[in-house]
Amino acid sequence: MDSNQYYKMKLEIVPLQVVMREALEKAADQIQLSKVKLNFSYPPSDAHALLDKEKIKIAFLNIIVNAIEAMDENEGELTIAISSQPTFHTVQIRDNGHGISPENTIKLFEPYFTTKPKGMGLGLATTHTILQSHKAEVEVASFIDKGTTFIITFPAL
């Protein structure tokens, strides 16, 4: 059974901006409680992609929540930028948190890998599976004490 069947995806053409806005609404309380400064930029025209909206929302939310948890209260800055090219759209989610060591960055998407005391290590593994099932590519750049950036590239329609 391939991962696409496992997810029984409901694919539709959706602007990435819409999905990200909805993910941010779900994270709004956490953003507010942690006093995180949010910067969200996106192109004026819709960045359409073939998505299972609910699944992608979960993927974005997992990354956003991890970003919030990696930042110190009152000092956090979450920057989300969506950009479009003719053949692909890019979603960047950047935090100015504690960063991830190079040896942990490689293991980020492994099931049950976590650095959180109460973490189960399934959030980013699930996120990675969801993104792969959408033919999206994920890159992670992280620097200790400087923060982490997730760069997700979706095929454009």
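The values are calculated or read from the model by the stated rules, or taken from the named source; none is laboratory data. As the structure is a computational prediction, the values presented were derived from the model and not from experiment. Positions of Cβ are generated from backbone atoms using ideal geometry, with glycine treated the same way; all protein chains shown enter the neighbour counts. Quick note on the areas: whole protein, heavy atoms, side chains included, nothing else; ligands and nucleic acids left out. Shrake-Rupley method; radii C 1.70, N 1.55, O 1.52, S 1.80 Å.
Where helices (runs of 4 or more DSSP H) fall entirely within region 46-157, those with at least 3 residues that are touching a His at 6+ places or on another chain (Cβ under 9 Å) are at 53-70.
Residue 62 falls short on exactly one of the conditions (1) more than 15 Å from residue 136 (Cβ to Cβ); (2) in contact with a Gly (Cβ under 9 Å, 6 or more places away or on another chain), and that condition is (1). Being open to solvent by 80 Å² or more (accessible area, probe 1.4 Å), closer than 25 Å to residue 32 by Cα and modelled with pLDDT of 95 or more is a property that residue 144 has. Could you tell me whether residue 135 is at pLDDT 95 or above and surrounded by fewer than 14 Cβ atoms within 10 Å (Cβ to Cβ)? Yes. When residue 14 is tested against (1) open to solvent by 70 Å² or more (accessible area, probe 1.4 Å); (2) closer than 16 Å to residue 131 by Cα, exactly one condition is not met: (1). With the condition kept exactly as written, say whether any residue in region 70-81 is of a type in the set (Val, Ile, Thr) and either under 13 Å from the mean Cα position of the chain (by Cα) or crowded, with 19+ Cβ neighbours inside 10 Å (or both). Looking through region 70-81, at least one residue is of a type in the set (Val, Ile, Thr) and either under 13 Å from the mean Cα position of the chain (by Cα) or crowded, with 19+ Cβ neighbours inside 10 Å (or both). Open to solvent by 50 Å² or more (accessible area, probe 1.4 Å) and out of contact with any Cys (no Cβ under 7 Å at 6 or more places or on another chain), is that true of residue 43? Criteria not met by residue 43.
If you take the residues of region 17-37 that are touching a Gly at 6+ places or on another chain (Cβ under 9 Å) and surrounded by 13 or more Cβ atoms within 10 Å (Cβ to Cβ), which of them is farthest from residue 154 (Cα to Cα)?
34
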